[in-house]
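Scroll down for the structure; my scribbles are underneath it.
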Amino acid sequence: MSVKEIIAQRRSIRRYLDKPVEKEKILTCLEAARLAPSADNVQPWRFLVIDDPELKDKLAKDFFSGIYSVSKFAAKAPVLIMILARLDILANRIGKQIQGVNFYLIDTGIAGEHIVLQAEELGLGTCWIGWFNSRKARKVLNIPKKYKIVSLLAMGYYEKKPSRVKKRKDLEDIVWFNKIK
């Protein structure tokens with residue numbers, strides 16, 4: 001399958017089978033993330049894989065309660081991957097001061113998308129989750145302050161893949177060459 005085909009068929013999955021994901025497949029996805037490019041090659045990403053069902057169930061109550069309950073579907077995913085960024089890297093601080101851009105967000109986004117696309121090729125569904133209680137996550141998992149919790153990825157075998165393709169803007173609506181129209 002080509003990269004274009006993988007990208008075209010990938011969907012955010014919110015319903016997962018109650019079936020564990022093989023550690024080999026998780027590691028294959030994390031290897032894809034490890035190979036991602038990053039600003040000045042600092043590789044700020046770190047990944048905390050939560051695949052123990054009891055721990056995941058306990059954490060899900062903290063992560064997805066109250067105003068975060070819209071993301072409670074993720075509690076049914078066999079795997080949660082927390083994407084963290086190491087903040088004490090000089091290149092990230094300089095980039096923020098000079099360019100006004102948090103390069104670690106771009107870097108972790110690229111690495112996370114590598115996970116998502118690799119998972120798709122392996123027959124796994126994923127969903128990016130940004131809406132969860134990161135304060136409780138930090139406290140319960142004892143995550144040091146030098147790491148920024150960026151997002152979660154839910155991962156697992158999907159019940160069924162949504163067939164509906166979301167409408168995307170046409171290229172001529174989003175692309176300009178040489179000057180903005």
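Considering region 35-57 alone, what residues qualify as being touching a helix residue (DSSP H, G or I) at 6+ places or on another chain (Cβ under 8 Å), surrounded by fewer than 16 Cβ atoms within 10 Å (Cβ to Cβ) and either under 19 Å from Glu22 (Cα atoms) or of a type outside the set (D, E, K, R) (or both)?
Leu35, Pro37, Leu48, Asp57
Checking the condition out of contact with any Gly (no Cβ under 8 Å at 6 or more places or on another chain), at pLDDT 95 or above and β-branched (Val, Ile, Thr), which residue from Ile115, Ile83 passes?
Within the list Ile115, Ile83, the selection yields Ile115.
So Ile98 fits all but one of (1) modelled with pLDDT of 90 or more; (2) among the hydrophobic types (A, V, I, L, M, F, W, C); (3) out of contact with any Ser or Thr (no Cβ under 8 Å at 6 or more places or on another chain); what number is the exception?
Ile98 satisfies every listed condition except (1).
Within region 2-14, count every residue that is surrounded by 15 or more Cβ atoms within 10 Å (Cβ to Cβ) and assigned to a loop (DSSP other than H, G, I, E, B).
The number of residues fulfilling the criteria is 4.
Take region 15-46 and flag every residue that is in a helix (DSSP H, G or I) and among the basic types (Lys, Arg).
Those that are in a helix (DSSP H, G or I) and among the basic types (Lys, Arg): Lys23, Lys25, Arg34.
Anything in region 66-80 that is crowded, with 19+ Cβ neighbours inside 10 Å and either β-branched (Val, Ile, Thr) or in a helix (DSSP H, G or I) (or both)? List them, or say none.
Passing the criteria: Ser71, Ala74, Val79.
Tell me, yes or no, whether region 137-153 has at least one residue that is over 18 Å from Ala8 (Cα atoms), touching an Asp or Glu at 6+ places or on another chain (Cβ under 6 Å) and not aliphatic (A, V, I, L, M).
There is at least one residue in region 137-153 that is over 18 Å from Ala8 (Cα atoms), touching an Asp or Glu at 6+ places or on another chain (Cβ under 6 Å) and not aliphatic (A, V, I, L, M).
The values are calculated or read from the model by the stated rules, or taken from the named source; none is laboratory data. The structure presented is a predicted model; accordingly, all values stated were derived computationally and were not measured. When we count neighbours, we look across all protein chains shown, and the Cβ atoms used for this are built from the backbone with ideal geometry, even at glycine.
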